[in-house]
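Report on the structure given below.
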Amino acid sequence: MKMSYPSTGLKRKLYLVYHQDGLLEVVIGAALLILAAVMLSEQMAFIGLIGIPAALYLPLKQQISVPRLGHIRFVPERESRMKLGLALFLGLAAFAGALAVYPVMKGISRESWAAVEPVLPLVFGGLLGVVLAGVGWFLKATRFYVYAALGLALVWLVFAAGGRTGLPVALLGVVVEGAGLLYVSRFVRAYPVTDDIRDA
Amino acid sequence: MPDKEAIFAPLLAVGDFDKTVHEPARLMLLSILSVLDQADFVFLHHLTGLTRGNLSTHMRRLEEAGYVRIEKEFVDRRPVTGLSITPEGRTALKDYRDKMRQFLDELE
């Protein structure tokens, strides 16, 4: 039985407390850096490597955050698994879609390419922004909206300056990873593991 | 002669408040648990600032009233105590909120 209770504010605050450890930024920053390396080196076969930081999130949370701050579950485990499954499916679908579009884009005529090329940074920046804003919305962590806006601005700026596609992603990766490491070090100092916080 | 009891009914209702919920530490715990599926002892200890002994006492009191469910398990050979609110706990918290709102409205 769900209670109609004005608790959205409290839930949001709990989300912020639970994600103050900065591990999300560390993982997403690492994924962005790997994506940037793949784009700059044009070795698209290694794109799957961005899954490695994502796979490390839960073990990191278990090792760094849980012994210090404890653990909470916002939704029942089954619902959580379903949401994660849906997110993975959407991610894979987007990736498969991108792979399917790539040969089509390569095969189009020079004139068509000239028409499409100017809007590509708009599309890529928009996608990056939507993904980061989506993370912020999903986790109710508003600072990800800032990363989304920064990502969008960087992509457009670098494209306008004639830079390579991977460069804004690398810059954003450095910012997000740096912020994450800062948050982690602050969190570890603020919540040391001491005897008096062991379980009841 | 006006019926004093009828006039002051909303004020007198304070005496009917559920004392298990009314206590500040327990009200805090129930409010936190009402927006979560589960929270462990360490998290609640940090968030509420209650001492371990105090937190354990209030947890037990809420469990005895049937308002929270306490589950103990081992994660990585570490004992973990998980708390979750029961349907009865949600109802008690909602009733308390409604009564408190009525009471405060009466003061305005």
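Each row is one residue, and each column tells you yes or no for (1) over 19 Å from the mean Cα position of the chain (by Cα); (2) basic (Lys, Arg); (3) within 18 Å of A:Gly22 (Cα to Cα).
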position	(1), (2), (3)
A:Ala45	yes, no, no
A:Gly48	no, no, no
A:Pro53	no, no, yes
A:Leu56	no, no, yes
A:Lys61	no, yes, yes
A:Glu79	yes, no, no
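Got at least one residue in segment B:3-25 being surrounded by 15 or more Cβ atoms within 10 Å (Cβ to Cβ) and at the interface with chain A (Cβ under 8 Å from one of its Cβ atoms)?
no
Here is a list: A:Ile28, A:Ile47, A:Ile52. Which entry is in a helix (DSSP H, G or I), modelled with pLDDT under 85, under 19 Å from A:Leu172 (Cα atoms) and β-branched (Val, Ile, Thr)?
Exactly one of A:Ile28, A:Ile47, A:Ile52 is in a helix (DSSP H, G or I), modelled with pLDDT under 85, under 19 Å from A:Leu172 (Cα atoms) and β-branched (Val, Ile, Thr), namely A:Ile47.
Output the residue which, of all residues in segment A:71-82 that are surrounded by 13 or more Cβ atoms within 10 Å (Cβ to Cβ) and free of Cβ contacts under 8 Å to residues at least 12 places away in the same chain, is farthest from the other protein chains (Cβ to nearest Cβ).
Step by step, filter segment A:71-82, then rank; the result is A:Ser80.
Those residues that are more than 10 Å from every other protein chain (Cβ to nearest Cβ) and either within 12 Å of B:Thr81 (Cα to Cα) or under 12 Å from the mean Cα position of the chain (by Cα) (or both), I need them from segment B:38-59; list them, please.
Listed by number, the list holds a single entry, B:His58.
In this structure, does A:Pro59 turn out to be at pLDDT below 85 and under 22 Å from B:Val80 (Cβ atoms)?
Criteria not met by A:Pro59.
The values are calculated or read from the model by the stated rules, or taken from the named source; none is laboratory data. On a predicted model such as this, the values are computed, not experimentally measured, just so you know. All Cβ positions, even for glycine, are placed from backbone atoms using ideal geometry, and neighbour counts span all protein chains on display.
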